[in-house]
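Read through the structure below, which is laid out as structure tokens, and then see the notes.
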Amino acid sequence: MKKFKYFSMFVMSLLLALILVGCGSKPLSKQDVLQNAKDANTISWGVKADTKLMGLIDVKDGQEKGFEIDMARALTKKILGKNGKAKFVTVTSQSRIPLLKNGNIDAIMATMTITPERQKVIDFSNSYFDAGQSILVKDGSPVKRVQDLNNRTIIGVVGSNSVENVKKYAPKARVLQLQDYAQALVALKSGQGDALTTDNVILAGMAVENPGYRVQGKAFTTEPYGIGINKDQPEFKHALNKAIKEVEADGTYNRLIKKWFGNVPGFNYREVLR
Amino acid sequence: MISAFTNNWQNFLTGFGWTLLSSIVALFFSLIIGSLFAILEVVPNKALRVIGNIYVEIFRNIPLLVITMFFYLVIPLYFVKINGFTAGTIGLTIYTSAFIAETVRSGINSVDVGQMEASRAQGMKYTQAMRYIVLPQAFKLVIPPLGNQFVNLVKNSSVLAFVAGFDLMYQGNAIASQTFDTVNTYLVVGVFYLIITLPISYYMQHLERKLA
Amino acid sequence: MQNWIDAYSAVNLKFLLQGLWVTVEISIISVVFSMIIGSILGIIRYTKIPYFSKIVGFIIDVIRNLPLLLIIFFVYFGLPAFGFKPDTIPAAILAMTVFESMMVAEIIRSGILAVDVGQMEAARAVGMKYTQAMWHIVLPQAYKKMIPALVSQLISLIKDTSLATIIVVPELMQHAQVIYGQNANYIVPMYLALAILYFIVCYALSVVSKIIDRRLA
């Protein structure tokens, strides 16, 4: 009887393991995202909730606001027509790619750089913004440039490529990855690290609100932001690229750049005009 | 799932180590602190009882995440720098100690009152009676619930991921966001947690049955 | 001082309370579902149906021995592979329900076990069916015994909703983080507010549970 008990336990563990493995290897849905969006008259965008100037939740009304939000709205109108709706789902650097691959969102517009590693799993539109990576430090910090971070602690965010980039310039840097930029900034203030790294435009937004902190040195990488979409969606990709071109051509793009980055100290908006 | 493990096994094992270390350290200290407050809650002195009660009620009713983030983000602003692992372990210790205090207290209460009276009648002091007669019996009674607290502790240690505490969950997040193989990575993480929690949990069920 | 006054501005407080409402909402819905599902699973495990109860029991043990954070990830990132794509709030509710159901199942099972076996036998002896005896005799007594355990599970659930901030569920913790993310000077006031709000809700529940417990005893 006892032997039987253990045997059945074993069989069940095996079954469970099989089920679990099975869950892991299901293929993605192969649907036409553009057609679905047209049918629903809605594109759902994965956007940031914690990034000043790009995508941030406004405490007053709980709505997302920022350059990427406005861009997403403009692109939606170009693709779906005047009455097209943009639905926003807040994502983090960690959650955005799983959510896209799972189909919770149609497109990622969340300060995501086009990188070869990401291109292995998802597709990108043409770049819609050119950022560059930089570091944020406390005034008077001995860290003058990214190379100074060897043997110091650098704070980044889970799922962003900034941490990997720093490793190229300062291989001996210790890395802490936090959940989002809000936590990362507070951690920097609490002295958990010597510098915070991400794209200069995000850092510029932080420096504005936090006197005593500055963006240090020149950007040491170029980070072209692209809209992330699932692979095998040529129509959707084409529609996005066409919409980006149209938004640039009719002046909407430059108007939005001026609206969000016109008055950010330490960030020359003219460099990103198109 | 197998390849998700073999490609990153060092990271998983590192995370497993930190998770285990954090859980054991937190268990050790929360046992001491928890027992202390449990005794405070049952002593005849009213002021001490109130102190014990306040501690237990406060930390039982605030989320672990809030306590941990407080130690990670707020304390360094004004006092000393605490790294993520330590902040997480301190948070775990405080949070768990409140539960252990409750468990031990109910253990003490369920030891027959007559035992205490009898030992006092024989000329033992209150502290002696507590130390030699009541507490040993109480601890025996509460071993299964304490074991379950330890299981909770191990599960709760995943809060370290929020403060870059290098634990299993943190490594899982880092691996998943690099390999983009989310589900399989978290399955491996899950198996590692079960390696610790399932055996303890089964052993405690076994003990419970024996004691009942 | 000015920081504190600004941090507790009407706009921020309203935003926090909106978060608290989502927390409460998630908790209530999950607790209702997990009580139902948990009771069914607990009874299945108790009744020892060959194989079936064993399988159910094993699944209960596996899930309740995993961190809730992991279950949140599985629901939010894993379920869509099966064509089910929950938004953040439903995902949080689902994850909490799955996890809490297993916890409740264990509480229910041990509650039933704690009811004297003689009760069941006596009920059967007077001609009641097994299900009748379970429903009318055993379960009412078991639930009475389990009230403290169930309430403390509910309190855990409320506290645990804070973990859902990791998938950006707009609950209390997340809203506090949004506020201090916009101005890092608000961090201390926000953590104080978090501690107080969670404490009020959870402590109130534990007081209510003590009163009920005393009434029934």
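One table, with the values for the structure above:
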{"item": "Search result, residues across the range C:79-103 that are farther than 18 Å from A:Thr90 by Cα, within 11 Å of chain A (Cβ to nearest Cβ) and small (Gly, Ala, Ser)", "result": "C:Ala81, C:Gly83"}
{"item": "Of all residues in the range A:208-243 being assigned to a helix (DSSP H, G or I) and either at pLDDT below 85 or touching a Leu at 6+ places or on another chain (Cβ under 6 Å) (or both), the one that is nearest to A:Lys78 (Cα to Cα)", "result": "A:Ala243"}
{"item": "Answer residue from the range A:72-92, given it is hydrophobic (A, V, I, L, M, F, W, C) and either surrounded by fewer than 24 Cβ atoms within 10 Å (Cβ to Cβ) or assigned to a strand (DSSP E or B) (or both) and is farthest from the other protein chains (Cβ to nearest Cβ) among those", "result": "A:Ala74"}
{"item": "Checklist (1) more than 30 Å from A:Leu75 (Cβ to Cβ); (2) within 12 Å of another protein chain (Cβ to nearest Cβ); (3) not in a strand (DSSP E or B) applied to A:Gly205, failing item", "result": "(1)"}
{"item": "Residues of the range A:157-174 that turn out to be in a helix (DSSP H, G or I) and farther than 13 Å from A:Ile135 by Cβ, as a count", "result": "3"}
{"item": "Subset tally (residues that are more than 28 Å from the chain's Cα centre (by Cα) and not in a loop (DSSP other than H, G, I, E, B)) for the range C:98-157", "result": "12"}
{"item": "The listed residue being more than 28 Å from C:Ala133 (Cβ to Cβ), modelled with pLDDT under 90 and in contact with an Asp or Glu (Cβ under 9 Å, 6 or more places away or on another chain), out of C:Ile89, C:Ile5", "result": "C:Ile89"}
{"item": "C:Ala122 being within 28 Å of B:Leu187 (Cβ to Cβ) and at pLDDT 85 or above", "result": "no"}
{"item": "Residue list for the range C:51-67, filter: β-branched (Val, Ile, Thr) and either under 13 Å from B:Lys155 (Cα atoms) or more than 11 Å from chain B (Cβ to nearest Cβ) (or both)", "result": "C:Ile55, C:Val56, C:Ile59, C:Val62, C:Ile63"}
{"item": "Hits in the range A:208-222 (condition: crowded, with 16+ Cβ neighbours inside 10 Å, touching a Lys or Arg at 6+ places or on another chain (Cβ under 7 Å) and within 14 Å of chain C (Cβ to nearest Cβ))", "result": "A:Tyr213"}
{"item": "Flag if B:Val191 is more than 8 Å from every other protein chain (Cβ to nearest Cβ), part of a helix (DSSP H, G or I) and surrounded by fewer than 19 Cβ atoms within 10 Å (Cβ to Cβ)", "result": "yes"}
{"item": "Qualifying residue in the range A:140-147 (condition: modelled with pLDDT under 85 and either in contact with an Asp or Glu (Cβ under 6 Å, 6 or more places away or on another chain) or over 20 Å from A:Ala207 (Cβ atoms) (or both))", "result": "no"}
{"item": "Hey, A:Leu53 in contact with a helix residue (DSSP H, G or I) (Cβ under 7 Å, 6 or more places away or on another chain), within 14 Å of chain C (Cβ to nearest Cβ) and part of a strand (DSSP E or B) or not", "result": "no"}
{"item": "Elements of type helices (runs of 4 or more DSSP H) in the range B:2-97, at least 2 residues being more than 14 Å from chain C (Cβ to nearest Cβ)", "result": "B:2-7, B:9-42, B:46-60"}
{"item": "Scan of the range C:67-97 for residues that are part of a loop (DSSP other than H, G, I, E, B) and surrounded by 23 or more Cβ atoms within 10 Å (Cβ to Cβ), ordered by number", "result": "C:Pro67"}
{"item": "Pair list, Cβ under 8 Å, 6 or more apart: the range C:63-90 residue touching a residue at least 24 places away in the same chain (Cβ under 8 Å), other residue assigned to a loop (DSSP other than H, G, I, E, B)", "result": "C:Tyr76/A:Ser95; C:Tyr76/C:Pro86; C:Thr88/C:Val168; C:Thr88/C:Val169; C:Thr88/C:Pro170; C:Ile89/C:Val169; C:Ile89/C:Pro170"}
{"item": "Verdict on C:Ser30 being touching a helix residue (DSSP H, G or I) at 6+ places or on another chain (Cβ under 8 Å), of a type in the set (Gly, Ala, Ser) and within 21 Å of C:Met173 (Cα to Cα)", "result": "yes"}
{"item": "Members of the range B:161-176 that are in a loop (DSSP other than H, G, I, E, B) and within 11 Å of chain C (Cβ to nearest Cβ)", "result": "B:Asp167"}
{"item": "Search result, residues across the range C:104-122 that are within 12 Å of another protein chain (Cβ to nearest Cβ) and among the charged types (D, E, K, R)", "result": "C:Glu106, C:Arg109"}
{"item": "Members of the range A:174-214 that are of a type in the set (Ser, Thr, Tyr) and touching a residue at least 12 places away in the same chain (Cβ under 8 Å)", "result": "A:Tyr181, A:Thr197, A:Thr198, A:Tyr213"}
{"item": "Selection within the range C:127-166 - of a type in the set (Gly, Ala, Ser) and within 14 Å of chain B (Cβ to nearest Cβ)", "result": "C:Ala149, C:Ser152, C:Ser156, C:Ser162, C:Ala164"}
{"item": "Any hit, the range C:22-44, residues being within 10 Å of chain A (Cβ to nearest Cβ) and in a helix (DSSP H, G or I)", "result": "no"}
{"item": "The range A:41-61: number of residues that are within 29 Å of B:Val183 (Cα to Cα) and without any contact (Cβ under 8 Å) to a residue 24 or more places away in the chain", "result": "1"}
{"item": "Matching residues, the range B:34-83, being surrounded by 19 or more Cβ atoms within 10 Å (Cβ to Cβ) and in contact with a Ser or Thr (Cβ under 6 Å, 6 or more places away or on another chain)", "result": "B:Gly34, B:Pro63, B:Leu65, B:Leu73, B:Pro76"}
{"item": "Among residues of the range B:40-71, those that are under 18 Å from the mean Cα position of the chain (by Cα) and among the β-branched types (Val, Ile, Thr), counted", "result": "6"}
{"item": "Any hit, the range A:93-113, residues being surrounded by 21 or more Cβ atoms within 10 Å (Cβ to Cβ), more than 14 Å from every other protein chain (Cβ to nearest Cβ) and either touching a Pro at 6+ places or on another chain (Cβ under 8 Å) or part of a loop (DSSP other than H, G, I, E, B) (or both)", "result": "yes"}
{"item": "Pick from the range C:165-217, criterion outside any helix (DSSP H, G or I) and under 23 Å from the mean Cα position of the chain (by Cα), ranking: surrounded by the most Cβ atoms within 10 Å (Cβ to Cβ)", "result": "C:Val169"}
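Each row is one residue, and each column tells you yes or no for (1) assigned to a helix (DSSP H, G or I); (2) away from chain A (no Cβ under 14 Å); (3) closer than 22 Å to C:Lys159 by Cβ.
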site: B:Met124; (1), (2), (3): no, yes, no
site: B:Ile143; (1), (2), (3): yes, yes, no
site: B:Leu146; (1), (2), (3): yes, yes, yes
site: B:Val159; (1), (2), (3): yes, no, yes
site: B:Ile195; (1), (2), (3): yes, no, no
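The values are calculated or read from the model by the stated rules, or taken from the named source; none is laboratory data. Model, not experiment: these values are computed from the prediction. When we count neighbours, we look across all protein chains shown, and the Cβ atoms used for this are built from the backbone with ideal geometry, even at glycine.
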